[in-house]
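The values are calculated or read from the model by the stated rules, or taken from the named source; none is laboratory data. In this text, all values refer to a predicted model and were calculated from it rather than measured experimentally. We place every Cβ from the backbone using ideal geometry, glycine too, and count neighbours over all the protein chains shown.
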Amino acid sequence: MPPAIPTMASLLLALLWVLSVFGGWGVEAFCPAADSPGTCADRIASAAVVSGVIALFAAVSTAAAWFTRRQGLLGVAVIAWVVAVGALFVGGVIAQ
């Protein structure tokens, strides 16, 4: 069984990413007072696509760590989730 702390970190970062992209948290955080909210939301969507590629890698790393029982992959997964959330944040700041 993989270690609990990196597993929970991966799951919580994944939840944060999912809610930011699909739950509207990203648009709400970065485009509340934009002059053209539609344009800002489109730019956030572009950042979400880039971040989504990284998140896909993170999800595969998390699943591989669980199914192959390789604990080293959990560290890779946590770092990938942090990079995915960071890419979404940087994209949101640029979108403003």
Scanning for something part of a helix (DSSP H, G or I) and within 11 Å of the chain's Cα centre (by Cα), does region 29-43 turn up at least one residue? no
Within region 4-14, does at least one residue satisfy the condition of being assigned to a helix (DSSP H, G or I), more than 15 Å from the chain's Cα centre (by Cα) and free of Cβ contacts under 8 Å to residues at least 24 places away in the same chain? yes
Do we have VAL60 as in a helix (DSSP H, G or I), over 14 Å from VAL21 (Cα atoms) and over 11 Å from the mean Cα position of the chain (by Cα) here? yes
Looking at region 15-28, which of its residues are of a type outside the set (S, T, N, Q) and assigned to a helix (DSSP H, G or I)? LEU15, LEU16, TRP17, VAL18, LEU19, VAL21, TRP25, GLY26, VAL27, GLU28
Looking at region 21-35, is at least one residue among the aliphatic types (A, V, I, L, M) and modelled with pLDDT of 95 or more? no
Sole miss for ALA80 among (1) part of a helix (DSSP H, G or I); (2) more than 9 Å from the chain's Cα centre (by Cα) is condition (2)
